[in-house]
Amino acid sequence: MKNTILVITLFISSLSFSQTGVIKGIVLDKQSENPLEGATVELLDMEIATGVITDLNGRFLLKNVPIGRQSLRISYIGFESSYIPNIDVTTGKDVVLNLTLQESFNALNEVVITSNSNLDRPKNKMATVSARQFGIEEVGRFSGGRGDIGRLAANFAGVSAPDDSRNDIIIRGNSPTGLLWRIEGIPVPNPNHYSSAGTTGGPVSALNPNMLKNSDFITSAFPAEYGNAIGGVFDIGLRNGNIDDYEFAAQIGAFSGIEATGEGPLGNKGSFLVAARYSLVGLIGSAGAGTSANPNYGDFSFHLNFGKGKLGSLSLFGIGGTSNIEFLGDDIEADDLFAAEDEDAFVKSGFGVVGLKHTLALGKKSFLRTVLGYSTSSSEYTADRYFDKDTPQETILLYTKDDETENRFTLSSLFNTKLNNRITLRTGVQYERLTLDYINQDREEQPDFDGDGFSDLTTLIDTNESLSLIQPFVQSQFRLTEKLTLNAGIHGLYSDLNQQFVAEPRAGLSFQATDNHRFSLGYGQHSQNTPAPILFLNETVGGIDVQTNRDLEFVKSAHYVFGYDVKLGNKWRAKLEAYYQDITNVPVDPFASSYSTLTEGADFGFSNDAVSLVNQGTATNQGIELTLEKFFSQDYYVLLTSSFFQSKYTGSDGIERNSPFNNGQVINLLAGKEFAIGKSKRNKLFADTRLTYSGGRYYTPIDLEASRNAGYEVLFDDLAYSQQYDDYFRWDVKLGLKINSKGKKRSHQFYVDLQNVTNRSNIFSRRFNRLTNNIDREDQIGFFPDFGYRFQF
């Protein structure tokens, strides 16, 4: 044992001599987003002062940077300086930064104000409240995240996700269907493997975190450029490849799979970045978490930046993913979360987006950005059910067939201008053309008109529809005083399906009372279309199939937010937000019932009998959120987030009920520490942990007698969401090692992520078992070890 430890120590030490890395990037004016020539970029904490000046295109390059955590100061005459701490420099990859500076309020040449650049402030300068920037380093750092940005969001205040099998993002009690996904400025359908139409989450993300740059996550009262969402916005950006050198990476992980990434220069100051992944469990034949079936999924991503020419900057980007899985009844275990022993089910899905982005500088203070995009999402689900299985009377029938394809053409144009150092104007319009091709057939809860003893295969949706959404907006930022900033705008939403239009005012006010105390207020009107699987449901009227929901109006939500931020010390901050959401125009049944479309979206499908709906439902979400955070410094970080909230809705029966997303409280505690090892202290051991506690989800009790008589699950509609599952608790621990190689541009990272280390049995659901005629309890995933290795060169 002693010899083994000695060998490992010598190996680590031999890789840790005086290697150096590279920090480079671009410095932009935060208001105009144009490059700043002549800005000073200084590398701090050096025995000999090191600094460079940005070139004509605002770019800088720092060579021979010592390995480890470094800090930068960026300054420019007449602008507020920015301090960027804890930049992780390695030998395997250059660090590329996109930095912004804001012009000083009084623009006095001899006065430079220093501000810290932290992830608590969003990249979008028009976002005042309920918004934060998430860093890609966090995706790989936090334990239990599986390299999934959807699961990363669950660590932030206001988000609950007590479901180990899916990454649905439930914001402040809203249905996950209220979330808007954007990639490079355009809306996209569900970017997950095994996705289904109308939903926004899934078991595995199709977004490769190694392709992404720091992006924004907004949970309420979002700026006027975002629309057709009432819950929140995930605004994703793709990073550029290395414009100077070729870099490659290979990676393997239990959940992320096998991956290869390549990047390098392209043309005149352009770059390419490509990445491909495929599921490890699909290759080795091991079961995925939550099921004994073998999931197969893969994705490919690219970002081609053609550099800046006389006609502006041009880039081409794309993401494509496919997935499939077979649930064969004979191979299914009784506690499988997704399948049944008397069915053979086959699932396929696909996701793709491709876009062309053009940015044209209009002088030194304005730009015009246009994005042309096409996206597609498809899902197929077929289930063959066995009746009287393993008897002479065994019969196999097609029980469910669901084939859904959504194609989306998007044209988005945005004009931004810095009128002066106090006023910024942004305006634009977005056009979407959606084509929906859905067919859904099912026997569940259907009559037996042909008298063969089995319920008939009934067509619930059969549509090939197209509709257009047009969303103009205008917004401005007014720096009223040096401490008081107003963001205000208006967003429009028009649908040609039923010629409806709404205008939505938005406003946010931020007051920096002192250097350490900031207050904010936010208000916004937000509207959203009814999910397509509900909008185009068939109802038989007079022997004719009619889409009785297609004229439903937009769901409307008014957001009110108060926030308070305080800096508690070096790299420590606390944040409090209180909010209230008033939701109206919600589709509900035309007769007295507990149904509301706001209860949909947290599964793979939607109700198939929600027809002839009317916009008469309401809902409220209200709560308070507390965040205590120490950003990474002195080799450790701490993040404590807590949410205490209430989510209620009212159906057509006029009774106020708990929503299924009313967990009541969610608390997350994350912490991590790095330990320098090796002769030069440039290699790192790291440890991270996460504790998550959440109130249980509300559910509707099962009418056991009626279910036994019907042969399928029947619920007590008058007791909808009246009972609550047990509280959810999970503890994850992550351990790893980072190694910077000697003499060459290489680095290694190993980790093991022990998820649910206490093996707690968190409940997943209670379901009626049609084979035993009893109600079964199904638990979520128990202890599960994830692992990974990454090699960069």
>> Tell me yes or no: at least one residue of the range 648-658 is touching a residue at least 40 places away in the same chain (Cβ under 8 Å), closer than 26 Å to Arg132 by Cα and not charged (D, E, K, R).
In response: no
> Applying the selection to the range 54-94, what residues are closer than 21 Å to Ile136 by Cβ, in contact with a Pro (Cβ under 9 Å, 6 or more places away or on another chain) and of a type in the set (S, T, N, Q)?
Replying inline: Gln70, Ser71
> Does the range 235-252 include one or more residues that are in contact with a helix residue (DSSP H, G or I) (Cβ under 6 Å, 6 or more places away or on another chain) and at pLDDT 95 or above?
Replying inline: yes
>> Can you find a residue that is in the same structural domain as Ile230 (by TED's automatic domain parsing), more than 26 Å from the chain's Cα centre (by Cα), surrounded by 17 or more Cβ atoms within 10 Å (Cβ to Cβ) and more than 22 Å from Gly185 (Cα to Cα) anywhere in the range 469-483?
In response: yes
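Being part of a loop (DSSP other than H, G, I, E, B), touching a helix residue (DSSP H, G or I) at 6+ places or on another chain (Cβ under 9 Å) and buried (at least 17 other Cβ atoms within 10 Å of the Cβ) is the filter here, so list the residues in the range 586-604 that pass it.
The first filter runs over the range 586-604 and keeps only residues part of a loop (DSSP other than H, G, I, E, B), leaving 589-595, 600-604.
Then drop every residue that is not touching a helix residue (DSSP H, G or I) at 6+ places or on another chain (Cβ under 9 Å), which leaves 593-595, 600-602.
Residues satisfying the conditions are Ser594, Tyr595, Glu600, Gly601, Ala602.
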> If we keep just the residues of the range 750-773 that are more than 26 Å from Ala161 (Cβ to Cβ) and in contact (Cβ under 8 Å) with a residue 12 or more places away in the chain, which is nearest to the chain's Cα centre (by Cα)?
Replying inline: Phe750
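Residue-by-condition table, conditions (1) surrounded by fewer than 24 Cβ atoms within 10 Å (Cβ to Cβ); (2) touching a Cys at 6+ places or on another chain (Cβ under 9 Å); (3) closer than 23 Å to Ala254 by Cβ:
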residue: Arg132; (1), (2), (3): yes, no, no
residue: Arg141; (1), (2), (3): yes, no, yes
residue: Asp148; (1), (2), (3): yes, no, yes
residue: Phe156; (1), (2), (3): yes, no, no
residue: Asn174; (1), (2), (3): no, no, no
residue: Ile186; (1), (2), (3): yes, no, no
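If you take just the strands (runs of 3 or more DSSP E) that sit entirely in the range 609-721, which of them hold at least 2 residues that are surrounded by fewer than 17 Cβ atoms within 10 Å (Cβ to Cβ)? So that I can check it myself, show each step before the final result.
Details: elements: 614-633, 636-650, 656-658, 665-677, 683-694.
Fully inside the range 609-721 and qualifying: 614-633, 636-650, 665-677, 683-694.
Residue under question is Gln780, and the condition is that it be under 27 Å from the mean Cα position of the chain (by Cα), under 30 Å from Lys93 (Cα atoms) and assigned by TED's automatic domain parsing to the domain that holds Glu341; does it hold? Full working, then the answer.
On the way: under 27 Å from the mean Cα position of the chain (by Cα): yes; under 30 Å from Lys93 (Cα atoms): no; assigned by TED's automatic domain parsing to the domain that holds Glu341: yes.
Spelling it out, it is not the case that Gln780 is under 27 Å from the mean Cα position of the chain (by Cα), under 30 Å from Lys93 (Cα atoms) and assigned by TED's automatic domain parsing to the domain that holds Glu341.
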> Restricting attention to the range 567-574, does a residue exist that is modelled with pLDDT under 95, in the same structural domain as Leu521 (by TED's automatic domain parsing), in contact with a strand residue (DSSP E or B) (Cβ under 6 Å, 6 or more places away or on another chain) and of a type in the set (Phe, Trp, Tyr)?
Replying inline: yes
> Going by the structure shown, is Arg730 within 24 Å of Gly253 (Cα to Cα) and either surrounded by fewer than 16 Cβ atoms within 10 Å (Cβ to Cβ) or in the same structural domain as Ser607 (by TED's automatic domain parsing) (or both)?
Replying inline: yes
> Given the range 225-290, what strands (runs of 3 or more DSSP E) lie entirely inside it while holding 2 or more residues that are without any contact (Cβ under 8 Å) to a residue 24 or more places away in the chain, assigned by TED's automatic domain parsing to the domain that holds Ser175 and surrounded by fewer than 19 Cβ atoms within 10 Å (Cβ to Cβ)?
Replying inline: 257-266
>> Take residues that are among the basic types (Lys, Arg) and tell me which of the strands (runs of 3 or more DSSP E) falling wholly in the range 523-585 contain 2 or more.
In response: 555-569
>> Looking for something farther than 26 Å from Thr382 by Cα, surrounded by 24 or more Cβ atoms within 10 Å (Cβ to Cβ), of a type in the set (Gly, Ala, Ser) and out of contact with any Cys (no Cβ under 8 Å at 6 or more places or on another chain) - is there at least one such residue anywhere in the range 195-203?
In response: no
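In the range 452-459, is there at least one residue being touching a residue at least 24 places away in the same chain (Cβ under 8 Å) and not in a loop (DSSP other than H, G, I, E, B)? Before the answer, list the steps.
Within the range 452-459, the subset touching a residue at least 24 places away in the same chain (Cβ under 8 Å) is 454, 457, 459.
Remaining after also requiring not in a loop (DSSP other than H, G, I, E, B): 459.
Yes, some residue in the range 452-459 is touching a residue at least 24 places away in the same chain (Cβ under 8 Å) and not in a loop (DSSP other than H, G, I, E, B).
Quick check on the range 206-224: of everything there that is hydroxyl-bearing (Ser, Thr, Tyr) and surrounded by 24 or more Cβ atoms within 10 Å (Cβ to Cβ), which residue is nearest to Thr291 (Cα to Cα)? Please lay out each step first, then the result.
Filtering the range 206-224 for residues hydroxyl-bearing (Ser, Thr, Tyr) gives 215, 219-220.
Okay, now just the ones that are also surrounded by 24 or more Cβ atoms within 10 Å (Cβ to Cβ), so 219-220.
On the way: Thr219: 32, Ser220: 35 Å.
By that ranking, first place goes to Thr219.
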>> Cβ contacts < 7 Å: first residue closer than 25 Å to Asp299 by Cβ, restricted to the range 148-161; second residue aromatic (Phe, Trp, Tyr) and part of a loop (DSSP other than H, G, I, E, B), any location; separation 6+ or different chain. Result?
In response: Leu152/Phe142; Asn155/Phe142
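Go through the range 57-108 and tell me which strands (runs of 3 or more DSSP E), entirely inside it, have 1 or more residues that are in contact with a helix residue (DSSP H, G or I) (Cβ under 7 Å, 6 or more places away or on another chain) and free of Cβ contacts under 8 Å to residues at least 60 places away in the same chain. Show your work before the answer.
Details: elements: 59-66, 68-75, 81-89, 95-101.
Qualifying strands (runs of 3 or more DSSP E): 81-89.
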>> Of the residues Gly605, Gly654, Gly601, only one is within 21 Å of the chain's Cα centre (by Cα) and at positive phi; which?
In response: Gly601
> Scanning for something closer than 30 Å to Tyr381 by Cβ and among the small types (Gly, Ala, Ser), does the range 468-478 turn up at least one residue?
Replying inline: yes
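Among the candidates Asn487, Asn440, Asn498, Asn421, which residue alone is surrounded by 14 or more Cβ atoms within 10 Å (Cβ to Cβ), part of a loop (DSSP other than H, G, I, E, B), on the phi < 0 side of the Ramachandran plot and assigned by TED's automatic domain parsing to the domain that holds Val611?
Asn421
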>> Exactly one of these conditions fails for Asp402: (1) within 20 Å of Gly237 (Cβ to Cβ); (2) crowded, with 20+ Cβ neighbours inside 10 Å; (3) not aliphatic (A, V, I, L, M). Give me its number.
In response: (1)
>> For the condition outside the structural domain of Arg69 (by TED's automatic domain parsing), modelled with pLDDT under 95 and out of contact with any helix residue (DSSP H, G or I) (no Cβ under 8 Å at 6 or more places or on another chain), what is the one hit in Gln616, Gln646, Gln622, Gln634?
In response: Gln634
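In the range 322-377, how many residues are assigned to a strand (DSSP E or B) and over 25 Å from Gly237 (Cβ atoms)?
The initial filter retains those residues of the range 322-377 that are assigned to a strand (DSSP E or B), namely 322-328, 343-362, 366-377.
Add one more test, that the residue is over 25 Å from Gly237 (Cβ atoms), and what stays is 324-328, 343-348.
Residues flagged as assigned to a strand (DSSP E or B) and over 25 Å from Gly237 (Cβ atoms) within the range 322-377 amount to 11.
How about the range 254-286: which of its residues are in contact with a helix residue (DSSP H, G or I) (Cβ under 7 Å, 6 or more places away or on another chain) and over 23 Å from Gly352 (Cβ atoms)? Don't jump to the end; show me each part of the working.
Step one: list which residues in the range 254-286 are in contact with a helix residue (DSSP H, G or I) (Cβ under 7 Å, 6 or more places away or on another chain), which gives 254, 257-258, 261, 273, 275.
Listed by number, the list holds a single entry, Ala254.
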> Would you call Ala558 buried (at least 16 other Cβ atoms within 10 Å of the Cβ) and in contact (Cβ under 8 Å) with a residue 12 or more places away in the chain?
Replying inline: yes
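Right, Glu445: on the phi > 0 side of the Ramachandran plot and in contact with a helix residue (DSSP H, G or I) (Cβ under 9 Å, 6 or more places away or on another chain) or not? First the steps, then the outcome.
On the way: on the phi > 0 side of the Ramachandran plot: yes; in contact with a helix residue (DSSP H, G or I) (Cβ under 9 Å, 6 or more places away or on another chain): yes.
Taking the combined requirement at face value, the residue satisfies it.
The values are calculated or read from the model by the stated rules, or taken from the named source; none is laboratory data. Since this is a predicted model, take the numbers as computed values, not measurements. When we count neighbours, we look across all protein chains shown, and the Cβ atoms used for this are built from the backbone with ideal geometry, even at glycine.
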